[in-house]
Amino acid sequence: MAGTGGAAARGRFAVVGGGIAGVTCAEKLAAEFPSEDIFLMTASPVIKAVTNFKQVSKTLEEFDVEEQPSFLLEKRYPNIRVIQSRVKQLKSDEHKIYTEDGKEYIYEKLCLCAGAKPKLIVEGNPYVLGIRDTDSAQAFQKNLAQAERIVVVGNGGIALELVYEIQGCEVIWAIRDKAIGNTFFDAGAAEFLIPKLTAESRETPIECKRTKYTVEGSEKKGTPTPASDKLGSALGPDWHEGLHLKGTKEFSHKVHIEILCEVKKIHLQQEFIQLQQASLSFPKGEKNVEPDEVLWPVYVELTNGKIYGCNFIVSATGVVPSVEPFLDGNNFAVGEDGGLKVDKHMHTSLPDVYAAGDICTAAWEPSPVWHQMRLWTQARQMGWYAAKCMAADALGESIDMDFSFELFAHVTKFFNYKASTVVVLGKYNAQGLGSDHELMLRCTKGHEYVKVVMQNGRMMGAMLIGETDLEETFENLILNQMDLSAYGEDLLNPDIDIEDYFD
């Protein structure tokens, strides 16, 4: 092991990154090779551990993420050696890692799990804070105490959760899309959840009819959708008929949403004064364009021409894979999203180097109902599977693709509210299906929201909000691709126990 005089320490397996993917990978390797030392390099004194793991169904899993001091991990697995130092350099041709504390480590097989960092709208501005997971969203709430107004930019689950958490502060929420929460929700689901943001009392559920929807733009039959339109389905113009949900006007007295816009420029106070432009006060109604009398530390100019002053800006616009410092001197194949490309055995393009979690880009031909999304669930699955692949390679065995990559499945809770458990399966937003699909919806206001994505009579995806008890049935229907044409609208009929059909 690490001798004196700067000699390199040798280990059969090394893992870089103390997040979910790295820790899961190291634990699995430690369990498979109890007599081998496993190096886990991490820049932070705490690691992220998976606790309270529960397999909800074949592909759905629930767990909590807990920050723990790294000695607890070493206590659970005496053969894991946590090296608390940042990686300075990787020399893959020599199978060597150099850490910033001046040490070097020689590995046989290495897994890079360094995660991703928040994609900031601008770098190095003290008034712009990046947020990338719901943990930091809650911690962030504490720093809000002094703020009177903030601008939130971004439209994923994080932004939604954040806006919900914020109290006693004006929020200007700038989103690129037409509806909130686009990463997870379509407009219908967003509308279903909006009352939760403001609900003082629980409303009695109102039955809502089941309906089929056209998809936006699909009335122009025969026009091919451009390839860039892989983002998923926007509901057609008729989606809200029969829903009678509140519009965003009553969203919350302290939140104002600016849709279909992005940040054009950020001005510090001095720069703004020199601009000699008017900024807007917090909108009170539709026609409000009152200039703001207050001087703010920072100003946001949006692409729709409006300027708002605020105490600070929250950038919740997704993540970029943390590939520094590994690229230098190593010829990695890198994906369009900046991640290290991995094949179906989590191999990067370099021998004996694997990658898992947010840092990697799945470059295999995916199952038609799976796609990569940088989520904790996938980080755990990839870390675990990467360790199995490393073990199989080390022992010269072959290994099958893990079942968790058959079907995209994720469960999350929004607003810590039991009935806002959100389960997404397969191509839940019709990702990559073009306009060749239809949506079926069943919604009981305040109680449940069920959406299925159908293509050629087969279920390709589903989104379930509330206690629907349909996740296992739908999971099976998506996995076995049974032709459901015969059931038509009855597929979502609440009076028909669909589970009896398909067990």
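From the largest down, region 326-399 spans 34, 32, 21 angstrom on the principal axes of its Cα atoms. Across region 51-63, coupling constants 3J(HN,Hα) worked out from phi with the 6.51/-1.76/1.60 Karplus curve, θ = phi - 60°, read 10, 6, 5, 9, 7, 7, 8, 3, 10, 8, 9, 10, 7 Hz, and Gly and Pro carry x. Computed with a 1.4 Å probe over protein heavy atoms only, the accessible surface of region 409-501 comes to 35 Å² per residue.
Annotation: amide H-H contacts under 5 Å for A116 (H modelled 1.01 Å from N, sequence separation of 5 or more, or interchain): S322. Any of K54/K119; K54/K344; K388/K451 with alpha carbons more than 27 Å apart? Name them for me. Those over the limit are K54/K119; K388/K451. Coupling constants for region 451-459 follow from the phi torsions by the Karplus curve (6.51 cos²θ - 1.76 cosθ + 1.60, θ = phi - 60°), and in residue order they are 10, 10, 9, 10, 9, 6, x, 10, 7 Hz; glycine and proline get x. Rounded to the nearest whole Hz, the Karplus-based 3J(HN,Hα) values (6.51 cos²θ - 1.76 cosθ + 1.60, θ = phi - 60°) of region 35-49 follow the sequence 9, 9, 7, 10, 8, 10, 9, 9, 7, 10, x, 10, 10, 9, 10, with x at glycine and proline. When Rg and the Kirkwood radius Rh are both evaluated on Cα atoms of region 250-353, their ratio Rg/Rh stands at 1.22. Computed across region 356-503, the Kirkwood hydrodynamic radius from all distinct Cα-Cα pairs reaches 16.8 Å. In this structure the amide hydrogen of K413, modeled in the peptide plane, comes within under 5 Å of the amide hydrogens of V422, none closer than 5 places in sequence on its chain. Remark on F408: its backbone amide H falls under 5 Å from those of W370, H371, G426, a criterion applied only to residues 5 or more positions apart or on other chains, H modelled at 1.01 Å from N.
The values are calculated or read from the model by the stated rules, or taken from the named source; none is laboratory data. Just so it is clear, the model here is predicted, and its values are computed rather than measured. The area values use the complete protein model at the heavy-atom level, side chains included, leaving out ligands, DNA and RNA. Shrake-Rupley method; radii C 1.70, N 1.55, O 1.52, S 1.80 Å.
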